[in-house]
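I have placed the structure first, in the form of structure tokens, so that the comments after it can refer back to it.
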Amino acid sequence: PFFHAGRTRLCGFPKTGALRTRFQLEAIADLRKSLEAQGHALCTRSQISTAACFEEICNDFSVAGVFAFREVCSEELDIERKVREVLRRRSQGPLRLFWGFELYHHDDLNFDPTRARGPFNSYTAFRKRLEENSWVRPSSQETPRWFHAGGGDAAVRWPRADSELPSVREVMGSTYDPASDPGDDTDPRAELRWRGGETAALARVREYLWEEDSLGSEYVGATMTMDPAKSCMRDKAMSKLSPWLAHGCLSPRFLYEEVKRYERERRKTKSTYWITHELLWRDFVRFGSLHAGTSIFKIGGPAGVRPAWRWSSDQGLFKAWKDGMTGFPFVDCFMRELKATGYCNHMGRECSGWFLIGDLGLDWRMGAEWFESVLLDYEPTANWYNWTYRCLPAAARGDSTGGVLTDSPGHRLRGVEILRWGTQHDPDAKYIKRWVPELASLPSTVAREPWRLGLLDDGPSGRGGGR
């Protein structure tokens, strides 16, 4: 996984917050343990840049080649470029990159993601192109073949390597804030505590699919929001495998094969289809970002959205949003969960994003930077492409002329999903009350809409709060 030091450009958040830093360190510790079991060693180096690290490696070793997954976004590509330049200048072996993050291999697509526009007109168009014309490579191709020197210790040890893994505080340096680091504690309101590494990832797959049979009996899916008979806010309604998938602790191809095995050995249902649909969505935003390039980081997004009103950067409104204090419980519950655990479900991210844009009128990039900092499952395309594809269109919602809002945000609620979906997915307000405990004593309808009793006469700065 990539750890990005420093702070975000607009808001100055740590680019990698404490929760994700801890998850990454746990993943590295787990990888080290697995390699040691095979007679190998994992050498790590911290407190220097990737390019500087490779300068040291080139000083100490003759490098035949460097192997890594391909990346698609600008900051990651810049790291690749710097490493490649070090290897070239030092007359060492090449940087060899492989497609492995995705379910479908790039070379098996029947279109070029950097050129073809048609597959990215919609997710449905993309899905049909893949399901009809591509195939998923077997995960066995990803299984390493171990080299053992006569059955003994095959480890290569590097004197410059860290003697032990650094702490979260040491890795984050000046960006570390103790108040944002819960340590090893698990929030009692959270369904689970994610621990980084392949060992924990495989245990979760085994538990969710096979031991508890939750895939067949409980799973709803991150994007299943329209079925009135299903709620994605119940415990076990999500596999919650996304942090492990995002950090390479779990192969999407292995998960796909496990789902197909589940269909053969137990049953094939809408739920088993939907979890593969979620894996396809990861590929959509990944390959879509190849097509969109750096436009996913610009305020107008790939479509060049330009609302009739001026984007706001009001810090009071933004703080209320990120801290879960807007006065709209269906937004606030997700934002509080996100801040405490590094996770909230896809519906929560979408509704919060729509509210930030369409109802608060805030620069959506501020929200994307907050997500980048705190999400356990952050991956640049999954975050930034989703904001431009799913949330930015909220700038053109409501009464409009030519698809653009004719009045500025704050006059009326435009993200009506926070009322409709609140009723559908959390009818007893159990989830809201879990994360917004000050509403625990209220009847469910009032807990979802406390302004009905005049409990919240006004929201932050008179906009976006209770009405």
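The values are calculated or read from the model by the stated rules, or taken from the named source; none is laboratory data. Owing to the predicted nature of the structure, the values given are computational and were not obtained by experimental measurement. For neighbour counting, all protein chains shown are included, and Cβ atoms are generated from backbone atoms with ideal geometry for every residue, glycine included. Accessible surface areas use protein heavy atoms only, side chains included; no ligands, DNA or RNA. Shrake-Rupley method; radii C 1.70, N 1.55, O 1.52, S 1.80 Å.
Which members of segment 118-139 meet the condition of being loosely packed, with under 11 Cβ neighbours inside 10 Å and without any contact (Cβ under 8 Å) to a residue 24 or more places away in the chain? Within segment 118-139, Gly118, Asn121, Thr124, Glu132 meet the criteria. Trp194 meets the conditions (1) surrounded by fewer than 17 Cβ atoms within 10 Å (Cβ to Cβ); (2) part of a loop (DSSP other than H, G, I, E, B); (3) among the aromatic types (Phe, Trp, Tyr) in every case but one. The failed one is (1).
Quick grid of which residues meet (1) over 26 Å from Trp99 (Cα atoms); (2) more than 22 Å from the chain's Cα centre (by Cα); (3) open to solvent by 30 Å² or more (accessible area, probe 1.4 Å):
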residue	(1), (2), (3)
Asp213	yes, yes, yes
Val220	yes, no, no
Ala246	no, no, no
Arg264	yes, yes, yes
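Residue count for segment 10-42 under the criterion of being surrounded by fewer than 18 Cβ atoms within 10 Å (Cβ to Cβ), within 20 Å of Trp158 (Cβ to Cβ), of a type in the set (A, V, I, L, M, F, W, C) and in contact with a helix residue (DSSP H, G or I) (Cβ under 9 Å, 6 or more places away or on another chain): the result is 2.
Does Leu95 meet the test of being more than 31 Å from the chain's Cα centre (by Cα), farther than 15 Å from Pro159 by Cα, in contact (Cβ under 8 Å) with a residue 24 or more places away in the chain and surrounded by 15 or more Cβ atoms within 10 Å (Cβ to Cβ)? Taking the combined requirement at face value, the residue does not satisfy it.
Residues in segment 174-209 that are closer than 30 Å to Gln424 by Cβ and not charged (D, E, K, R): Thr186, Pro188, Ala190, Leu192, Trp194, Val205, Tyr208, Leu209. Considering the conditions (1) under 21 Å from Gly197 (Cα atoms); (2) of a type outside the set (Phe, Trp, Tyr); (3) assigned to a loop (DSSP other than H, G, I, E, B); (4) modelled with pLDDT under 95, Thr44 is excluded by exactly one of them, (4).
Checking the stated criteria, Leu77 turns out to be modelled with pLDDT of 95 or more and within 22 Å of Pro252 (Cβ to Cβ). No other residue among Arg264, Arg204 is in a helix (DSSP H, G or I), among the basic types (Lys, Arg), modelled with pLDDT of 95 or more and touching a helix residue (DSSP H, G or I) at 6+ places or on another chain (Cβ under 9 Å) apart from Arg204.
Rundown of residues vs (1) in contact with a strand residue (DSSP E or B) (Cβ under 9 Å, 6 or more places away or on another chain); (2) closer than 28 Å to Phe98 by Cβ; (3) part of a loop (DSSP other than H, G, I, E, B); (4) open to solvent by less than 40 Å² (accessible area, probe 1.4 Å), yes/no style:
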position: Phe254; (1), (2), (3), (4): no, yes, no, no
position: Ser271; (1), (2), (3), (4): no, no, no, yes
position: Thr276; (1), (2), (3), (4): no, yes, no, yes
position: Leu279; (1), (2), (3), (4): no, yes, no, yes
position: Arg286; (1), (2), (3), (4): no, yes, no, yes
position: Gly293; (1), (2), (3), (4): no, yes, no, yes
position: Leu317; (1), (2), (3), (4): yes, no, no, yes
position: Ala320; (1), (2), (3), (4): no, no, no, yes
position: Gly327; (1), (2), (3), (4): no, no, yes, yes
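Take the conditions (1) within 19 Å of Phe371 (Cα to Cα); (2) within 23 Å of the chain's Cα centre (by Cα); (3) surrounded by fewer than 18 Cβ atoms within 10 Å (Cβ to Cβ); Phe334 misses just one of them, which is (3).
Being in a helix (DSSP H, G or I) and not hydrophobic (A, V, I, L, M, F, W, C) is the filter; apply it to segment 222-244 and report the residue that is surrounded by the fewest Cβ atoms within 10 Å (Cβ to Cβ).
Top of the filtered list is Ser242.
Summed over segment 333-372, residues that are among the polar types (S, T, N, Q) and in a helix (DSSP H, G or I) total 2.
Of the residues making up segment 103-117, at least one is of a type in the set (Ser, Thr, Tyr) and open to solvent by 30 Å² or more (accessible area, probe 1.4 Å).
Listed conditions (1) under 30 Å from the mean Cα position of the chain (by Cα); (2) open to solvent by 50 Å² or more (accessible area, probe 1.4 Å); (3) modelled with pLDDT under 95; (4) not hydroxyl-bearing (Ser, Thr, Tyr) are all met by Arg84, apart from (3). Look at (1) open to solvent by 30 Å² or more (accessible area, probe 1.4 Å); (2) assigned to a helix (DSSP H, G or I); (3) within 19 Å of Val168 (Cβ to Cβ) and you find that Phe3 fails only one, number (2). Scanning segment 140-178 for residues that are of a type in the set (A, V, I, L, M, F, W, C), at pLDDT 85 or above and either in a loop (DSSP other than H, G, I, E, B) or open to solvent by 80 Å² or more (accessible area, probe 1.4 Å) (or both) turns up Ala155, Val156, Trp158, Ala161, Leu165. Trp311 fulfils the conditions (1) in contact with an Asp or Glu (Cβ under 9 Å, 6 or more places away or on another chain); (2) open to solvent by less than 10 Å² (accessible area, probe 1.4 Å) except for a single criterion, (2). Taken over segment 168-182, the criterion of being within 15 Å of Arg20 (Cα to Cα) and free of Cβ contacts under 8 Å to residues at least 60 places away in the same chain is satisfied by Arg169, Pro178, Ala179. Only residues that are open to solvent by 60 Å² or more (accessible area, probe 1.4 Å), closer than 27 Å to Arg169 by Cβ and among the small types (Gly, Ala, Ser) were counted in segment 43-81, giving 1.
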